[in-house]
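Data block below; observations after.
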Amino acid sequence: MGRKMYPETPDGRYFVAKRRLWRKTNPSLPELDREAAVKELMRARRAVGSAGGAAAMREARAAVDAAKRRLGERGAVWWADGSPDEGGKHPKNTSYADWWAGLSEAQRKHGS
């Protein structure tokens, strides 16, 4: 089974899934750092799935958050042009509304 292709904003900052903008990994992150952070993220996600209790769940979720911040997917934005973070919003309610409206129905469906 292939990887699902989500619509990606023209500036490469977000992809659309579940009708929401999700911030992408910082493209200027060195490859070795990115690979290490992805491994950390996968390990943390597995820990969330196997957490046995509230304390373990909090610790695992904190590890997921730390890895996502290291990747640039959370926290301070990785671009420097002053544009705000529009993650978590439906594209039609953001500065990407025209881009979203210009996609075909099939392309928008991939972001559902």
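The values are calculated or read from the model by the stated rules, or taken from the named source; none is laboratory data. Not measured: the values here are computed from a predicted model. Cβ sites come from the backbone with ideal geometry, for glycine too, and all protein chains shown count toward neighbours. Ligands, DNA and RNA are stripped out before the accessible areas are found, and what is left, the full protein with its side chains, is counted by its heavy atoms. Shrake-Rupley method; radii C 1.70, N 1.55, O 1.52, S 1.80 Å.
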Matching residues, the stretch 72-106, being open to solvent by less than 90 Å² (accessible area, probe 1.4 Å), assigned to a helix (DSSP H, G or I) and closer than 17 Å to residue 9 by Cβ: 91, 97, 99, 100, 101, 102
Members of the stretch 1-42 found to be part of a helix (DSSP H, G or I) and exposed (fewer than 11 other Cβ atoms within 10 Å of the Cβ), listed by number: 31, 32
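May I ask you to list the residues in the stretch 43-59 that are without any contact (Cβ under 8 Å) to a residue 12 or more places away in the chain and in a helix (DSSP H, G or I)?
Passing the criteria: 46, 49, 50, 54, 55, 56, 57, 58.
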Residue 67 vs. criteria more than 16 Å from residue 22 (Cα to Cα) and either of a type in the set (Gly, Ala, Ser) or open to solvent by less than 40 Å² (accessible area, probe 1.4 Å) (or both): no
Some residue of the stretch 7-29 being modelled with pLDDT of 95 or more, aromatic (Phe, Trp, Tyr) and more than 28 Å from residue 109 (Cβ to Cβ): no
